[in-house]
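First up is the structure itself, then whatever we jot down about it.
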Amino acid sequence: MFLVWAFGQIPLVGLPFVMLSTWVHELGHGLGAIVSGGRFESMVITPGLSGLAHTFSGSNFERIIVLLGGLLGPSIAGAIMLIMSRRLGLNRLALFLLAGALLATVVLWAGDMFTRVSVLSFGVAVTAMAFMGHRALRHLFAHIIAISFCLNAVSQFGYIFMNKANVGGYAGLSDTGVLAEIIGGPHLFWAVVVSALSLFILYLAFKLSGGMSGK
């Protein structure tokens, strides 16, 4: 975990992981739309590495799933990567699944050229690591990505507790602000609920991931 934090302090090294964190948050929104019966229309990642997912939802229930998909996306992705790479030792498969999701984003949902190029670049790097990386290097790379997702889940708590935010270049309600507007109740209550869910997912992931070494 210290290694991931250290990487984050080196701008040129840390930037791809910031992009990846934005990507997984927006992908969570989009997949939330798909599983709830709505549409995932496009994803945009800006040069400043903020992001926006354009989705269509036909009901408030669908909107809630879309919101939770983005808010819990980093913790769920971190949990899956961590369990696959550490508990099950499936580093190569974990990297292939990640690469597949990145490349699917480029083909199906990338909304502009910057998004296509940035996501494709990381997708190619992950694919190359999965195919050609030395076993120990694959193990390390998969762990770094898993922990970066987990750290992002925690670092976004500042955003979760904001009622209003700059979203995709536009000032408006944050995801939890919209959640409170749809369901009702204090924004702070829903911020606490989402944070608790995220931490619970991470707790289960770290508990379940203790075990096998990578293959």
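Kindly establish whether residue 48 is among the small types (Gly, Ala, Ser), at pLDDT below 90 and more than 16 Å from the chain's Cα centre (by Cα).
Values: among the small types (Gly, Ala, Ser): yes; at pLDDT below 90: yes; more than 16 Å from the chain's Cα centre (by Cα): yes.
Taking the combined requirement at face value, the residue satisfies it.
Candidates 82, 95, 108: the one that is modelled with pLDDT of 95 or more and over 29 Å from residue 56 (Cα atoms) is 95. When residue 87 is tested against (1) more than 24 Å from residue 175 (Cβ to Cβ); (2) crowded, with 17+ Cβ neighbours inside 10 Å; (3) of a type in the set (Lys, Arg), exactly one condition is not met: (2).
Only a single criterion out of (1) within 18 Å of the chain's Cα centre (by Cα); (2) modelled with pLDDT of 95 or more; (3) among the aliphatic types (A, V, I, L, M) is not satisfied by residue 113, namely (1). So for segment 176-196 (the condition being assigned to a helix (DSSP H, G or I), farther than 28 Å from residue 84 by Cα, of a type in the set (Asp, Glu) and in contact with a Phe, Trp or Tyr (Cβ under 9 Å, 6 or more places away or on another chain)), does at least one residue qualify? Looking for residues that are assigned to a helix (DSSP H, G or I), farther than 28 Å from residue 84 by Cα, of a type in the set (Asp, Glu) and in contact with a Phe, Trp or Tyr (Cβ under 9 Å, 6 or more places away or on another chain), one finds none in segment 176-196, hence no.
The values are calculated or read from the model by the stated rules, or taken from the named source; none is laboratory data. The structure displayed is predicted, hence computed values, not measured ones. Note that we place each Cβ from the backbone using ideal geometry, even for glycine, and neighbour counts take in every protein chain shown.
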